[in-house]
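K.L.:
Please read through the structure below; I'll follow up with questions.
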Amino acid sequence: MGKSGEIIGHWVNNQVWGGESRSRGDIFDPATGKISRPVALADKADVSTVVAAAAAAFPDWSNTPLGRRARVLFAFREIAERNSDDLAQIISAEHGKVVSDARGEIARGMEVVEFACGIPHLLAGRYSEQVSTNTDVHSIRQALGVCVGITPFNFPVMVPMWMWPVAIACGNTFVLKPSDRDPSASMLVAQWLADAGLPDGVFNVVNGDKETVNALIDHPDVRAVSFVGSTPVARSIYSQAASNGKRVQALGGAKNHMVVLPDANIDTAADAAVSAGYGSAGERCMAISVVVAVGNIADDLVAAIRTRTEALTIGAGTDPQAEMGPLITSAHRDRVCALVESGLAEGAKLVVDGRALVEPEGGFFLGPCLFDEVTPSMSIYQEEIFGPVLCVVRVETYEQATDLISKNPYANGAAIFTADGGAARRFEREVDAGMVGINVAIPVPMAYYSFGGWKQSLFGDTHVHGPEGVHFYTRGKVVTSQWADPAERGPNLGFPTNQ
Ligand code: NAD
């Protein structure tokens, strides 16, 4: 999408548009720390232009037959499958994650596209015959209009795909506001949708920052807002959009716990903790942040995690040898380093210190850090770190482990590692989290279920994609109809009578 150094614009009516605003942001290559390109930041007037295009496209698109809408998504899937390496390279260059991780996020996002290809079935309503004499009832679900997606930097392809495939399959038009850190992937996706035959104005991208977001959620023609990002922004977008009368789902931050019972397989648990803690440099909303070691497993578990952590290869995301890349910005890297300092100052034991890896070749690197003997009063326990820092909390009992999770304000994912089916079943029933893993550290639901946390990890009541996504992007209508049997009205219509 454009050449290195060229400005990244917006995508409206199936073409790149520079916008009227002269405001610009910088896109960095996190592996070198250098600015790679500027991005246009839309102001209120630019937002109005983009929303107007989406609103103009809505009547025709919502009237387009279901099968034809699905065929555009099938065609998109084929294009994306053929060219996914190009998209993975773009993700890695702007986000910094290793290319294999980037491929993984594309694959998980494409599952939602595949789910949305089934829209003719997903939109089927219900029918009740003869609810009263000559009277039937049926329900239908109809599109809303212009829907907006505001997405974070950490999954520049997958998180938007939690939203737009379902929204447009349901007959809505869509305006995506990607993260201003890594917007290029969305521009390539938009090009592929146009190549797949999506009509002008159905899928649009508006790049920008806080001003852009405010203009979108205050715009009278926007009907629904899907947000994924940090908890403070999620909370404020939820209340602002709701007070404007819009439908809103706002997914926030996380602090995911992985409970390891004494009977767990140590190698399996340690492999899972390292992959779920340091994958994508810990910049995942479902990353494991806290390992809760129950009883006498703690010493062996920490030793096994340490060995694996020290063996990780750190490097640029585009380096095929690298297992973990840099962080997204220098400011974020500095914030994570400051939290590591605070962990030391508050008495946690730093078993692996990744700080020596700060800034090779000027990139935003921080090596993996492992803390043991972390307590709930410490900042490293309380804050969402969103970096390569794994904290081990030691407890004596299962009840103490679940109590920790219940007291945490976040409730995205929680996992348990055990060989005991009864303990796993009890955990599944009792744990206070929206997504639960049993011997699975990152329990991201498949596309045909819905993704979402509880408490401060989600504002609103509807999770994304799957059946709840279809529900979010449509509104219900129930029709009650009564038709007298022609036979009861006499023979004049040519129907047989009861005589
Ligand atoms: P962020 O909240 O800073 O930004 C998210 C989006 O909101 C971006 O598009 C950004 O441009 C915009 N934005 C930022 N500040 C804003 C403001 N003050 N007003 C209006 N809009 C604003 O989040 P991020 O740093 O891009 O992403 C990391 C966060 O996202 C983490 O907290 C992570 O846990 C969370 N996240 C959650 C999930 C989930 O499923 N719950 C998934 C991915 C990421």
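K.L.:
So, in the stretch 172-217, exactly how many residues are aliphatic (A, V, I, L, M) and in contact with a Ser or Thr (Cβ under 7 Å, 6 or more places away or on another chain)?
P.N.:
Going through the stretch 172-217, the residues aliphatic (A, V, I, L, M) turn out to be 175-176, 185, 187-190, 193-194, 196, 198, 202, 205-206, 213, 215-217.
Of the ones still in play, those that are also in contact with a Ser or Thr (Cβ under 7 Å, 6 or more places away or on another chain) are 176, 202, 205-206.
Of the residues in the stretch 172-217, 4 are aliphatic (A, V, I, L, M) and in contact with a Ser or Thr (Cβ under 7 Å, 6 or more places away or on another chain).
K.L.:
Determine whether ALA316 is at pLDDT below 95 and either more than 16 Å from the ligand (Cβ to nearest atom) or open to solvent by less than 20 Å² (accessible area, probe 1.4 Å) (or both). Spell out the reasoning first.
P.N.:
On the way: at pLDDT below 95: yes; either more than 16 Å from the ligand (Cβ to nearest atom) or open to solvent by less than 20 Å² (accessible area, probe 1.4 Å) (or both): yes.
In short, yes.
K.L.:
Only one of ALA447, ALA433 is within 16 Å of the ligand (Cβ to nearest atom) and within 19 Å of PRO120 (Cα to Cα). Can you tell me which?
P.N.:
Working: ALA433 fails: within 19 Å of PRO120 (Cα to Cα).
After applying the criteria, what remains is ALA447.
K.L.:
Being open to solvent by 60 Å² or more (accessible area, probe 1.4 Å), farther than 22 Å from SER184 by Cβ, in a strand (DSSP E or B) and charged (D, E, K, R) is true for just one of GLU114, GLU129. Which residue is that? I'd like the intermediate steps shown before the answer.
P.N.:
Working: GLU114 fails: in a strand (DSSP E or B).
After ruling out the rest, the residue left standing is GLU129.
K.L.:
Is it the case that some residue within the stretch 219-235 is assigned by TED's automatic domain parsing to the domain that holds ALA45, modelled with pLDDT of 95 or more and in contact with a Pro (Cβ under 7 Å, 6 or more places away or on another chain)?
P.N.:
Filtering the stretch 219-235 down to residues assigned by TED's automatic domain parsing to the domain that holds ALA45 leaves 219-235.
Still in the running and modelled with pLDDT of 95 or more: 219-235.
Still in the list and also in contact with a Pro (Cβ under 7 Å, 6 or more places away or on another chain): 228-229.
Checking the stretch 219-235: at least one residue is assigned by TED's automatic domain parsing to the domain that holds ALA45, modelled with pLDDT of 95 or more and in contact with a Pro (Cβ under 7 Å, 6 or more places away or on another chain).
K.L.:
Could you check, for the stretch 414-422, whether at least one of its residues is within 16 Å of the ligand (Cβ to nearest atom), surrounded by fewer than 23 Cβ atoms within 10 Å (Cβ to Cβ), hydrophobic (A, V, I, L, M, F, W, C) and under 24 Å from PRO262 (Cβ atoms)? Outline the logic, then answer.
P.N.:
Taking the stretch 414-422 and keeping what is within 16 Å of the ligand (Cβ to nearest atom), we get 414-415.
Still in the list and also surrounded by fewer than 23 Cβ atoms within 10 Å (Cβ to Cβ): none.
No: the stretch 414-422 contains no residue that is within 16 Å of the ligand (Cβ to nearest atom), surrounded by fewer than 23 Cβ atoms within 10 Å (Cβ to Cβ), hydrophobic (A, V, I, L, M, F, W, C) and under 24 Å from PRO262 (Cβ atoms).
K.L.:
Another one. Testing ALA331 on (1) open to solvent by 60 Å² or more (accessible area, probe 1.4 Å); (2) away from the ligand (no atom under 16 Å from the Cβ); (3) among the aliphatic types (A, V, I, L, M), one condition comes back false. Which one is that?
P.N.:
(2)
K.L.:
If the Cβ limit is 7 Å and pairs must be 6+ apart or interchain, which residue in the stretch 283-296 that is more than 19 Å from SER406 (Cα to Cα) pairs with which residue that is near the ligand (Cβ under 8 Å from one of its atoms)?
P.N.:
Matching pairs, first to second residue: GLU283/ASN154; GLU283/ILE328; GLU283/PHE386; ARG284/ASN154.
K.L.:
Would you confirm whether any residue within the stretch 98-106 is surrounded by fewer than 17 Cβ atoms within 10 Å (Cβ to Cβ), assigned by TED's automatic domain parsing to the domain that holds ASN154, over 18 Å from VAL159 (Cβ atoms) and of a type in the set (A, V, I, L, M, F, W, C)?
P.N.:
Scanning the stretch 98-106, I find no residue that is surrounded by fewer than 17 Cβ atoms within 10 Å (Cβ to Cβ), assigned by TED's automatic domain parsing to the domain that holds ASN154, over 18 Å from VAL159 (Cβ atoms) and of a type in the set (A, V, I, L, M, F, W, C), so the answer is no.
K.L.:
Still on this structure, I have one more. For the stretch 165-180, name all the residues that are among the small types (Gly, Ala, Ser) and free of Cβ contacts under 8 Å to residues at least 60 places away in the same chain. I'd like the intermediate steps shown before the answer.
P.N.:
Within the stretch 165-180, the first condition is being among the small types (Gly, Ala, Ser), and the residues that meet it are 167, 169, 171, 179.
Scanning the stretch 165-180 gives a single hit, SER179.
K.L.:
Hey, among the residues in the stretch 382-392 that are touching a strand residue (DSSP E or B) at 6+ places or on another chain (Cβ under 9 Å) and open to solvent by 10 Å² or more (accessible area, probe 1.4 Å), which one's nearest to VAL274 (Cα to Cα)? Give the derivation first.
P.N.:
Going residue by residue through the stretch 382-392, those that are touching a strand residue (DSSP E or B) at 6+ places or on another chain (Cβ under 9 Å) are 384-392.
The next check asks that each one be open to solvent by 10 Å² or more (accessible area, probe 1.4 Å); those that pass are 384, 386.
On the way: GLU384: 18, PHE386: 15 Å.
Per the criteria, the residue is PHE386.
K.L.:
Return the residue satisfying two criteria in turn: it lies in the stretch 461-486 and is surrounded by 11 or more Cβ atoms within 10 Å (Cβ to Cβ) and touching an Asp or Glu at 6+ places or on another chain (Cβ under 8 Å), and of such residues it is farthest from VAL113 (Cα to Cα).
P.N.:
THR480
K.L.:
Moving on to the next point. Within the set of pairs 6 or more residues apart or between chains, which connect a residue that is within 12 Å of ASP46 (Cα to Cα) and without any contact (Cβ under 8 Å) to a residue 24 or more places away in the chain inside the stretch 199-214 to a residue that is part of a loop (DSSP other than H, G, I, E, B) and more than 12 Å from the ligand (Cβ to nearest atom) with Cβ atoms less than 8 Å apart?
P.N.:
none
K.L.:
Okay, moving on. What residue, of ALA93, ALA56, is small (Gly, Ala, Ser) and open to solvent by 50 Å² or more (accessible area, probe 1.4 Å)? I'd like the intermediate steps shown before the answer.
P.N.:
Details: ALA93 fails: open to solvent by 50 Å² or more (accessible area, probe 1.4 Å).
Exactly one of ALA93, ALA56 is small (Gly, Ala, Ser) and open to solvent by 50 Å² or more (accessible area, probe 1.4 Å), namely ALA56.
K.L.:
List every residue pair whose Cβ atoms sit under 8 Å apart, with the two residues 6 or more apart in sequence or on different chains, where the first one lies in the stretch 344-357 and is open to solvent by less than 80 Å² (accessible area, probe 1.4 Å) and the second, anywhere, is among the acidic types (Asp, Glu) and assigned to a strand (DSSP E or B).
P.N.:
ALA348/ASP372; VAL351/ASP372
K.L.:
A follow-up question, please. If I ask for residues that are within 10 Å of the ligand (Cβ to nearest atom) and open to solvent by less than 20 Å² (accessible area, probe 1.4 Å), which ones from the stretch 230-272 would you list?
P.N.:
Across the stretch 230-272, the qualifying residues are THR231, ALA234, ILE237, ALA250, LEU251, GLY252, GLY253, ALA254, LYS255, ASN256.
K.L.:
Kindly establish whether ILE35 is at pLDDT 95 or above, more than 19 Å from GLY201 (Cα to Cα) and open to solvent by 20 Å² or more (accessible area, probe 1.4 Å). Outline the logic, then answer.
P.N.:
Numbers: at pLDDT 95 or above: yes; more than 19 Å from GLY201 (Cα to Cα): yes; open to solvent by 20 Å² or more (accessible area, probe 1.4 Å): yes.
For ILE35, the condition - at pLDDT 95 or above, more than 19 Å from GLY201 (Cα to Cα) and open to solvent by 20 Å² or more (accessible area, probe 1.4 Å) - is met.
K.L.:
What about ARG235, is it under 30 Å from ASP85 (Cα atoms) and in contact (Cβ under 8 Å) with a residue 60 or more places away in the chain? Before you say what the answer is, go through the steps one by one.
P.N.:
Values: under 30 Å from ASP85 (Cα atoms): no; in contact (Cβ under 8 Å) with a residue 60 or more places away in the chain: yes.
No, not satisfied.
The values are calculated or read from the model by the stated rules, or taken from the named source; none is laboratory data. Please read all numbers here as calculations on a predicted model, not as lab measurements. So basically every Cβ, Gly included, is an ideal-geometry build from the backbone, and we count neighbours across all protein chains shown. With ligands, DNA and RNA removed, areas are computed over all heavy atoms of the protein, side chains included. Shrake-Rupley method; radii C 1.70, N 1.55, O 1.52, S 1.80 Å.
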